1. Let me spell it out: the conditions are (1) more than 16 Å from the ligand (Cβ to nearest atom); (2) more than 17 Å from P249 (Cβ to Cβ); (3) in contact with a strand residue (DSSP E or B) (Cβ under 7 Å, 6 or more places away or on another chain), and G26 meets all of them except one. Which number is the exception?
2. What are the residues in the stretch 75-95 that are in a helix (DSSP H, G or I), more than 15 Å from the ligand (Cβ to nearest atom) and surrounded by 20 or more Cβ atoms within 10 Å (Cβ to Cβ), if any?
3. Please tell me if A71 is of a type in the set (A, V, I, L, M, F, W, C) and touching a residue at least 12 places away in the same chain (Cβ under 8 Å).
4. Filter the stretch 146-166 down to the residues that are surrounded by fewer than 23 Cβ atoms within 10 Å (Cβ to Cβ) and over 15 Å from G332 (Cβ atoms), then identify the one that is nearest to the ligand (Cβ to nearest atom).
5. Looking at (1) under 22 Å from M49 (Cα atoms); (2) modelled with pLDDT under 95, which is the one condition that is false for P253?
6. Is there a residue in the stretch 29-45 that is more than 14 Å from the ligand (Cβ to nearest atom), in the same structural domain as R340 (by TED's automatic domain parsing), buried (at least 22 other Cβ atoms within 10 Å of the Cβ) and in a loop (DSSP other than H, G, I, E, B)?
7. Is at least one residue of the stretch 254-264 in the same structural domain as E58 (by TED's automatic domain parsing), within 16 Å of the ligand (Cβ to nearest atom), assigned to a loop (DSSP other than H, G, I, E, B) and over 16 Å from the mean Cα position of the chain (by Cα)?
Amino acid sequence: MPRLPIENASPTSLTMNGQTLTAFAGCNYLGLGAHPRVVRALATAAMRMGISTTASRETTGNTLVHEALEAELAHFMGQEAAILSAEGYTANFMALQALAFTHRIAIIDAQAHRSIRHAAIAAGMQVFEYEHLNIESAAWLCKQYADQGVVIMTDSVFAADGAIAPLPQLLDCLPANRGVLLVDDCHGLCVLGQCGRGSVSHFGLNDARIVVTTTLAKGMGCYGGAVLGTHKFIQHVQDNAWVYRSATPVPPPMAEAVREAIRMLREDTTLVDNLRRNIGLMRQSLFLLGLQLPPEGVPIFTFAISPEERMQRVHEMLMEQGVFAPLISYPGGPAERYFRVVVNAAHTSEQIDTLCRLLAQAMDATRLEGTPRRMPGLEVKMGEGKGGVRVAVMG
Ligand SMILES: Cc1ncc(COP(=O)(O)O)c(C=O)c1O
């Protein structure tokens with residue numbers, strides 16, 4: 001798929017080919033990526049500190065800003081400690097480089113983000129997939145390998161279908177000894193939980209077997225990533241994860257920008273409240289159109305309209321009327337190609353109304369229906385997954 005020729009962007013608009021469109025795209029869930037306070041924090045710190053440490057934190061590149069952000073992020077997300085990574089992608093590599101010392105088995109949701117699978121393979125773990133969201137499938141695999149140290153790995157919120165992983169039930173699947181649940185909270189942070197504290201807060205969990213990884217580039221609107229967990233585990237990551245030790249960290253001005261974003265979320269719930277109000281508006285309208293809805297509280301609406309030429313026509317009709325509803329091809333969605341419409345805290349109710357009205361008109365004009373999602377069955381057997389990975393399949 002060709003990349004978009006974006007000339008300019010705000011949380012609610014995109015300018016392409018000279019045309020500015022109201023946009024429902026990206027993962028800037030709270031609009032923090034363009035918030036004047038966040039941008040000012042970055043600019044002020046850049047003037048004060050420059051834009052790069054130019055060295056690993058374990059040589060000459062550590063700053064008090066990094067350490068302060070780690071403490072504040074851990075506190076915000078309800079974890080004992082955090083360690084920053086260059087991005088969300090490498091956060092999973094960091095976590096697994098540390099976990100692989102004691103855990104040899106990776107049991108991964110089949111629709112989990114690529115970075116999780118790549119990180120587990122790179123760490124030399126034996127990798128198995130369980131059927132998307134299916135607890136019986138995960139439990140069955142855990143039972144087979146209970147004595148080898150098991151890490152169950154999942155996204156908290158899945159970017160391509162908006163599903164929320166059943167974290168409490170996945171914890172219950174872990175073997176009594178040497179079991180860890182790694183939660184990639186890239187799409188849960190700033191979206192789920194009290195004040196947007198993420199998926200662990202959403203489920204009210206407090207469990208030392210949980211390791212959280214996240215990006216700072218989506219809900220936080222900035223850049224970078226982090227691994228969070230117990231003090232002991234985070235120290236282990238610091239001492240042993242070479243993807244951390246041998247790399248330049250998040251630029252200090254960016255770390256200051258994230259600190260400002262967290263400060264805003266702690267001071268006042270307006271942004272999270274606005275996001276939840278807008279999710280509610282979208283849910284009402286898309287429900288009336290008969291489209292599949294994500295779980296409550298998730299701002300990612302993915303749906304396909306068949307046949308594909310009609311879906312393309314709906315997309316174009318919206319564009320002609322000044323609204324950009326992304327049509328994407330990305331693994332894990334309801335079809336090969338599908339709409340991924342994201343509402344954020346900065347959208348107005350008028351913008352949401354306009355999107356839904358134009359969508360209804362376009363669907364009407366082309367006489368379309370949403371396609372239902374696949375429902376998993378119950379019987380477990382082993383099959384061949386991507387890249388030779390063994391997978392537990394529900395039949
Ligand atoms: C679930 C998930 N994990 C990890 C990443 C990688 O994060 P980053 O973009 O910060 O590298 C993404 C980004 O798309 C993601 O959606």
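1. Just one mismatch for G26, condition (1).
2. Selection gives F76, M77.
3. Values: of a type in the set (A, V, I, L, M, F, W, C): yes; touching a residue at least 12 places away in the same chain (Cβ under 8 Å): no.
Here the answer is no, as A71 does not meet what is asked.
4. P166
5. (2)
6. Scanning the stretch 29-45, I find at least one residue that is more than 14 Å from the ligand (Cβ to nearest atom), in the same structural domain as R340 (by TED's automatic domain parsing), buried (at least 22 other Cβ atoms within 10 Å of the Cβ) and in a loop (DSSP other than H, G, I, E, B), so the answer is yes.
7. no
Conditions tested, residue by residue: (1) under 29 Å from A345 (Cβ atoms); (2) within 16 Å of the ligand (Cβ to nearest atom).
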{"position": "I121", "(1), (2)": "no, yes"}
{"position": "Q144", "(1), (2)": "no, no"}
{"position": "D185", "(1), (2)": "yes, yes"}
{"position": "G188", "(1), (2)": "yes, yes"}
{"position": "L192", "(1), (2)": "yes, yes"}
{"position": "G196", "(1), (2)": "yes, no"}
{"position": "H202", "(1), (2)": "yes, yes"}
{"position": "A208", "(1), (2)": "no, no"}
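The values are calculated or read from the model by the stated rules, or taken from the named source; none is laboratory data. This is a predicted model, so every value here is computed, not measured. As a convention, Cβ positions derive from the backbone with ideal geometry for all residues, glycine included, and neighbour counts pool all protein chains shown.
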